[in-house]
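A short worksheet on the structure shown next.
What follows draws every value from the coordinates through simple rules; no lab data is involved. None of the values given here were measured: they were computed from a predicted structure. All Cβ positions, even for glycine, are placed from backbone atoms using ideal geometry, and neighbour counts span all protein chains on display.
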């Protein structure tokens, strides 16, 4: 199959609604799962990446989440709940990955410290090449977010970057809404107000998940499901 033909198939799948794609999958068209994965790859990567704190591990957790979700798809009663349902499965797989590797998520407020050097941010932002500056600023912000305590990072990733509501974030992370609000407030305090301002001004897309990484996850999952 040529690249153009594959792109056409992908575009066709993405033009379908979640409900249509799920119906096709449940009718035996496993390849339609590509549409679901490509639509939610970005979100699931951000969910898993906020927990395991490593790109490769996040992709592994994503793939396991997709495999598990596929096997349980017929149990999903409300298609509108698909994004949150997938996110919760991805979260659980990421946590399972940590447990298997004898790592734990810890949050010790007493150990918190500022993680953003505003002078460094200003130097990057003031470079003449704005595209390069935004790219470098994006790396700086991602590095800063990675240094947040694990529990704060997960909330910040969903609320600030994925733009989930307090309620949805609470459901995905199995937290009380009040806890989500508190952790998000503290995460913002750590990153400082100027970080949020730079994110909005630069129009940054943090933890982008596209291109070969997106194709790799889709290809690996479909290969396992169709084998």
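Quick notes
- Taking 0.36 nm per residue of separation and subtracting the Cα-Cα distance, full extension of the segment from residue 178 to residue 55 would add 41.3 nm.
- Label separation (residue 78 vs residue 226): 3.4 nm, computed from points 7 Å beyond Cα along the C-beta direction.
- As a rough footprinting exposure proxy, the listed residues 139, 212 were ranked by other beta carbons within 10 Å of their own, and the order from fewest upward is 212, 139.
- As a proxy for reagent exposure, 182, 48, 12 were ordered by neighbouring Cβ count within 10 angstrom, fewest first; the result is 12, 182, 48.
- Listed from fewest to most Cβ neighbours within 10 Å, the set 152, 70, 185 follows the order 185, 70, 152.
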